[in-house]
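The values are calculated or read from the model by the stated rules, or taken from the named source; none is laboratory data. Since we're looking at a predicted model, the values are computed, not measured. Heads up, the Cβs are rebuilt from the backbone with ideal geometry, glycines too, and the neighbour counts pull from every protein chain shown. All accessible areas refer to the heavy atoms of the entire protein, side chains included, with ligands and DNA or RNA removed. Shrake-Rupley method; radii C 1.70, N 1.55, O 1.52, S 1.80 Å.
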Amino acid sequence: MVSRERPGERPGSVRTAVVWDALGPVLSGEPCDVVDIGGGTGGFAVRVAQAGHRVVVVDPSPDALAALSRRALEVGVEVAGHQGDVSGLLDVVGAESADLVLCHGLLEVVDAGEALATIRKVLRPGGTVSILVGQRHAAVVARAMAGHLREALTLLDGDEVPERGSRPGRTNRRFTAPEISALVEQAGFTVAAVHAVRVFTDLVPGSLLDQEAGAASALADLERAVAERPEYLPLATQVHLLAH
């Protein structure tokens, strides 16, 4: 069972608190098979494995998979890591092999429709996919506030822009909540829940969380309070969906 862990004073925990709350009921039953696509160093996978579930991470980076192995070893759990991407997912895990697929930060950099179609084949009947994507409205505001006005203008209508800090030529698409919901439904899924993620977290100075006792916990509670309020979705850095 995945407990509702208080995030303490760690900003990273605040950023993912809403997602973990949503996954809690999905992971609270008997041990299940979980596939984490692009799971990298295991930020989600290792914790899911600690809860007693069987986890496979598929990621193109050998360095990330090595870090995943070290992290899993440190906490005494087993997580299977495979180098690859969503295009070869069926070859790695097989059809109808997963009860839960984690698709976090993936659909921005691949063909979303094709990826969702593959995930659909990997899931067992009644399975769940957890999708986390960058939200476009917040990205427009963030680029404008940083002085990148032309990039903000490009993002405004959904066009891709170069991803800052990544390798040359890589772009990163953002979605509105209606857009990602429509794509998921077009792939044959039924959207069960939509959550606003990181509505305030990216706006609160890290120094405040470090200096003021209880600030991170209060921020996480605030994020939880607005996560299912649709009026806050356009302000969220990310949108999280659960679909079946």
Residue list for region 126-138, restricted to those being farther than 15 Å from Leu242 by Cα and more than 14 Å from the chain's Cα centre (by Cα)
Arg136, His137, Ala138
Considering only region 180-219, state which residues are at pLDDT 95 or above, closer than 17 Å to Ala138 by Cβ, not hydrophobic (A, V, I, L, M, F, W, C) and not in a strand (DSSP E or B).
Ser181, Arg198
Hits in region 40-91 - residues which are in contact with a helix residue (DSSP H, G or I) (Cβ under 8 Å, 6 or more places away or on another chain), hydroxyl-bearing (Ser, Thr, Tyr) and farther than 22 Å from Ala117 by Cα:
Thr41
I'd like the full set of residues that are closer than 22 Å to Ala177 by Cβ and open to solvent by 10 Å² or more (accessible area, probe 1.4 Å), limited to region 135-151.
Arg136, His137, Ala138, Ala139, Val140, Val141, Ala142, Arg143, Ala144, Met145, Glu151
Looking only at region 109-134, which residues are among the acidic types (Asp, Glu) and closer than 20 Å to Gly94 by Cβ?
Glu114
Could you tell me which of the residues Arg120, Arg15 is touching a residue at least 24 places away in the same chain (Cβ under 8 Å) and either within 30 Å of Leu219 (Cα to Cα) or assigned to a strand (DSSP E or B) (or both)?
Arg15
For region 50-99 the number of residues that are within 19 Å of Leu27 (Cβ to Cβ) and either touching a residue at least 60 places away in the same chain (Cβ under 8 Å) or in a helix (DSSP H, G or I) (or both) is 9
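Filter region 37-49 for residues that are open to solvent by 30 Å² or more (accessible area, probe 1.4 Å) and in a helix (DSSP H, G or I) and give the result.
At the first step, the residues of region 37-49 found to be open to solvent by 30 Å² or more (accessible area, probe 1.4 Å) are 38, 41, 43-44, 47.
Of everything in region 37-49, just one residue is open to solvent by 30 Å² or more (accessible area, probe 1.4 Å) and in a helix (DSSP H, G or I), namely Arg47.
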When region 220-244 is examined, which residues are found to be in a loop (DSSP other than H, G, I, E, B) and over 18 Å from Arg174 (Cα atoms)?
Ala227, Glu228, Arg229, His244
Give the residues of region 220-244 that are among the aliphatic types (A, V, I, L, M) and either open to solvent by 60 Å² or more (accessible area, probe 1.4 Å) or at pLDDT 95 or above (or both), sorted by residue number.
Leu222, Ala225, Val226, Ala227, Leu233, Leu235, Ala236, Val239, Leu241, Leu242, Ala243
